[in-house]
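The next block holds one structure in the form of structure tokens; read it before the comments.
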Amino acid sequence: MQEVVFRVLVERPGHLEARAEVLPLSISAASLEELQHEAREALIDHFGPAHCAYRVRIRRYPQPVAALPLPASAACR
């Protein structure tokens, strides 16, 4: 069985967007459960009956540390 990994690119309350790392597939949904369903539907549309040979993985990556604001107490003195 092969695996298709969808990477979450946008994550806001009630809205998730993901793109397959290898295939030209993009999906969006309101929750992780719905995103998983949309990923499976995208594979059915792309591969047809052969979609059964693929496992879907959803990966959420943390924000880069540099993108997070520093608290006021951590400022240089």
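Working note: Karplus 6.51/-1.76/1.60 with θ = phi - 60° gives the range 41-47 the couplings 4, 5, 5, 4, 5, 7, 9 Hz, where Gly and Pro are set to x. Describe numerically, in nm with one decimal, the distance between label points set 7 Å from Cα along Cα→Cβ at ILE44 and at LEU23. Each label point lies 7 Å from its Cα, and together they span 1.3 nm.
Taking 8 Å as the Cα distance limit and 6 or more residues as the minimum spacing, I'd like the relative contact order of the range 2-63 as a percentage. If you can, show how the numbers build up before the last one.
Numbers: 98 pairs, mean separation 23.4, N = 62.
So the answer I get is 38 percent.
Since every read-out is calculated from the coordinates, none of them should be taken as a lab result. Every value quoted in this text rests on a predicted model; they were computed, and no experiment measured them. All Cβ positions, even for glycine, are placed from backbone atoms using ideal geometry, and neighbour counts span all protein chains on display.
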